[in-house]
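The values are calculated or read from the model by the stated rules, or taken from the named source; none is laboratory data. Bear in mind the structure is a predicted one, so any value in this text is a computation, not a measurement. Here the Cβ is made from the backbone with ideal geometry for all residues, glycine too, and neighbour counts use every protein chain on show. Please note that ligands, DNA and RNA were not included when accessible areas were found on the heavy atoms of the full protein model with its side chains. Shrake-Rupley method; radii C 1.70, N 1.55, O 1.52, S 1.80 Å.
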Amino acid sequence: AAIQKEYQGLIQRGTWTAVPRSDVPSGVRVMDSTFVFKDKSTGAKARLVVRGDQQFPAPDPVSTYSASPAAAEIRILLSHATQTGRGLHSVDISQAFVQANPLPDDAHLYIRPPSALGLPKDTVWKLRRPLYGLACAPRAWSDTLTPFLRDYGFTSVNHSETFFTWSDPSDTKHISLVFHVDDILMSFDDEEAVAAFKRALLSRFQGTDDGPVTKYVGLEVQRTATTLTI
């Protein structure tokens, strides 16, 4: 069931085009793919992952860099929310990398379908969207999410690529936000403002509103009226 959920989600997002092996340009290596499984608190999860280390020609490292938040950034947001009594919520984006902008037409990235799907052996997939395991995938997602945040009115904190703040024109409503790939953590002082932002975010990207944060990127968060424990 987990395999089928992952597979159908990728198909619905137009992640690839199935082509015969003979359509692969000469000099381009076809990469392997496999399912990676995890038993989560929400149930079994399968993720289709590409052997990106097999990509040839190899991508330019400069074009694949993507930032992740420093531990201090996450702790600053949590600490500030605790000191000021702000709300703390999280949002999870589903299959985030394939919700990034489509790959350019001249991107010749081909993969073999996992054997678990039982597809004909001469079938390969030409990727239309970045998949987990590709070197370009984290950068593609960041280059999609960040413009959305800026268009909404968020600004970077101290030139960070993962820590942003928003305020309304009267500077009476505020949202602070840190994102680690598909996990978005936000603090806020106005329920209506954060609800409006969540609606905008989840109308652009498919995901789930997890409400008050209890876990974030491996951290367990416990909160009382005046304290917060990580």
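Annotations for the structure displayed:
- Folded to 0 to 90 degrees: helix 137-152 orientation relative to the chain principal axis, Cα: 40 degrees
- Distance in nm between pseudo-label sites at ASP190 and VAL24 (7 Å out along the Cβ direction from Cα): 5.4 nm
- Charge-dipole axis of the stretch 1-136 as Lys and Arg at +1 and Asp and Glu at -1 on Cβ define it, positive-most pick from TYR110, ILE3, GLY14: ILE3
- Nonlocal amide H pairs with CYS136, under 5 Å, H built at 1.01 Å: none
- Nonlocal Lys pairs with alpha-carbon distance under 22 Å, the chain (8 or more apart, or different chains): 9
- Calculated [222 nm] ellipticity per residue, helices only, for the chain: -7500 deg cm²/dmol; basis is -39500 (n - 2.57) per DSSP H run with n ≥ 4, divided by all residues, nearest 500.
- Rounded to the nearest 10 degrees, the inclination of helix 191-204 to the longest alpha-carbon principal axis of the chain is 10 degrees.
- Positive contributions from Lys and Arg (+1) and negative ones from Asp and Glu (-1), summed over other residues with Cβ under 12 Å from the Cβ of SER167, come out at -3.
- Calculated from backbone phi, Karplus (6.51, -1.76, 1.60) coupling profile of the stretch 163-175 in Hz, x at Gly/Pro: 10, 9, 10, 9, 9, 6, x, 8, 6, 10, 10, 9, 9
- Other-chain or far-sequence residues with amide H under 5 Å of MET31's (modelled H): TYR110, ILE111, ARG112
- Surface accessible to a 1.4 Å probe, per residue, for the residues of the chain, Å²: 54 Å²
- Expressed as a whole percent, the accessible surface of the chain that belongs to carbon and sulfur atoms is 52, based on a 1.4 Å probe.
- For the stretch 4-129, the fraction of alpha-carbon pairs lying more than 23 Å apart is 47 percent, rounded to a whole number.
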